[in-house]
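Report on the structure given below.
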Amino acid sequence: MATSISFVGLSCFLLYLCLVCSLKEGYAFEELRESHAESFLTHTFEVSSLFASSICNHSTKANERESTFRVVDKYGPCFQPSLHRSVVSPSVTDIIRSDRARINSIQARLSKNSGRRDLIAEPNYHRIPVIDGSAFDTLSYLVTVGLGTPKKDLSLILDTGSRLTWTQCESCTLCYTQKEPKFDPDNSKSYVSISRTDPVCAYVKRPADPLRPTTLCSYEISYGDGTSSVGFFSKETLTMSAAEKIDSFLFGCGKENRGKFNLEAGILGLNQEDASIVLQTAQKYNKIFSYCLPSSASSTGHLTFGQTPAPANIKYTKLVPQKSPFYGLDLIGIGLGGTKLNILESIFTTPGTIIDSGAVYTYLPPVAYTTFRDAFRVAMSAYPRIPGPTAAIETCYDFSKSTSVTVPEISFFFKDGTVVGIPGKSSLIAYSPTQSCLGFQEYKVGDKRSIIGNKVQRTMEVVYDVPGQRVGFAPNGCN
């Protein structure tokens, strides 16, 4: 059932808009009071900040700890000038199609159970900077890791939904175009093949037609968009920095690979299955990791493994155990400007919710989406609303005549009482200088979960504490 923000709350918002219109960028925070009409939380920012600049803005947080190295967008301003290339950003249709394929793949696996290991040890940490891969078909985020001895740097997609880390290997019989050289196991002193009788071979799905030699452990992994990799499950040295190496790291050495990759070398699997880097490094990093996704392609973020000092103002909510390797949350409501919208909790709890690093948009149940969308439109009535680039993207604005914009804060309400505020800027996706749209959609009939996508997670430190069964959110995680 659709609803809207109260008249008093909206009046407060419009009055506040007048007071902050001269500000360049900042947050307006008030305590969430019992009377929601007494506050309307907003975020004011420069319109130009919605777009990537020509200057690289490095994450300051990535430099605060040892064993840190920087990754850059290979086609953005943070990349080495000698290797710089231009690339055409994906169309909106491509983004939606890729998102839909990913969600179909996730939904198909949600009811499947997976084995887990519970290895807990003394915590440690290591941080890897992350960049926005918005030049890629899936708008994914990338990290660079070193593989082999001597190490070969590889750009991999950070994926909380994937069970396996894999990369293309020389000499693959079926290869997609890759901009950086492929990994060659023959040039590594630490590469080890795995026998098909080795117990760890059970961590991966075997192809119906195993690769030759059949005495080795071959694997097959496929994704909803038709992307797939078939190769040999192997062991290698994974280098995070000069001080941080993981010996006998299990990964897929891809020999037959299909997909719309054009820059990245493969996937870094971060889900809760045995072959993921989270489970493999459990004794060293205690199954704790965090990331901060940058605000644009001209900024960097980071990926951290292991226990670190808790970020300021972090809020934890329960990680919901479920029969799937994905990270489930107990979402019971959504709010706008600090006000929880009038939506039955069962609308959210019946399907459940997962948080995902790969999906671009945030997907809500139809009733929740319609209520939220209508309230957002009311709060943004000061700005001209325009048609979207597709029928699926229906709430869009032209900010080209404004220097700065004020957008209501979005809140996620969880069953344990945690309320996480998302800066209004993170709710928008800019498709062109004259077209910025709400980054939320309703999920389709048959979908089994709501999904908190990566665009609303931008600039926040998202901490996954698997042994503590919780996920934390902290503002200003990248800088």
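No lab work stands behind these numbers, since they all come straight from the coordinates. Please read all numbers here as calculations on a predicted model, not as lab measurements. A quick note on method: Cβ atoms are made from the backbone with ideal geometry, for glycine too, and the neighbour counts reach across all protein chains shown.
List every residue whose amide H lies under 5 Å from the amide H of SER190, counting only residues 5 or more places away in sequence or on a different chain, with H placed 1.01 Å from N in the peptide plane.
Result for SER190 returns THR149.
At a 10 Å Cβ-Cβ cut-off, how would you order SER229, SER91, fewest neighbours first? Walk me through the intermediate numbers first.
On the way: SER229 27, SER91 13.
With the sparsest Cβ surroundings first, the list reads SER91, SER229.
Along the stretch 179-186, what does the Karplus equation 6.51 cos²θ - 1.76 cosθ + 1.60 (θ = phi - 60°) give for ³J(HN,Hα), rounded to whole Hz, x for Gly and Pro?
After applying 6.51 cos²θ - 1.76 cosθ + 1.60, I find 6, 9, x, 6, 6, 10, x, 5 Hz.
Of the listed peptides 438-446, 379-387, 195-203, 156-164, what is their order by residue-averaged count of other C-beta atoms within 10 Å, with the highest listed first? Each step should come with its number before you reach the end.
Values: 438-446: 17.4, 379-387: 15.4, 195-203: 13.8, 156-164: 24.0.
Peptide ranking by packing, descending: 156-164, 438-446, 379-387, 195-203.
Per residue of the stretch 413-425, what does 6.51 cos²θ - 1.76 cosθ + 1.60 with θ = phi - 60° give for ³J(HN,Hα)? Whole Hz please, x for Gly and Pro, Karplus curve as stated.
9, 10, 4, 7, x, 5, 10, 10, x, 10, x, x, 4
Read phi for every residue in the stretch 162-171 and hand back ³J(HN,Hα) as whole Hz from Karplus 6.51 cos²θ - 1.76 cosθ + 1.60, θ = phi - 60°, with x for Gly and Pro.
3J(HN,Hα) across the stretch 162-171, in whole Hz: 9, 8, 9, 8, 8, 8, 5, 10, 6, 9.
Could the peptides 299-307, 344-352 be put in order, highest first, of the mean number of other beta-carbon atoms found within 10 Å of their residues?
On the way: 299-307: 24.9, 344-352: 15.7.
Sorting 299-307, 344-352 by mean packing, highest first, produces 299-307, 344-352.
Could you pull out every residue, at least 5 positions away or on a different chain, whose amide H is within less than 5 Å of the one on SER299? Hs are placed 1.01 Å off N in the peptide plane, and Pro or chain starts have none.
Here ASN57, ASP132 satisfy the definition.
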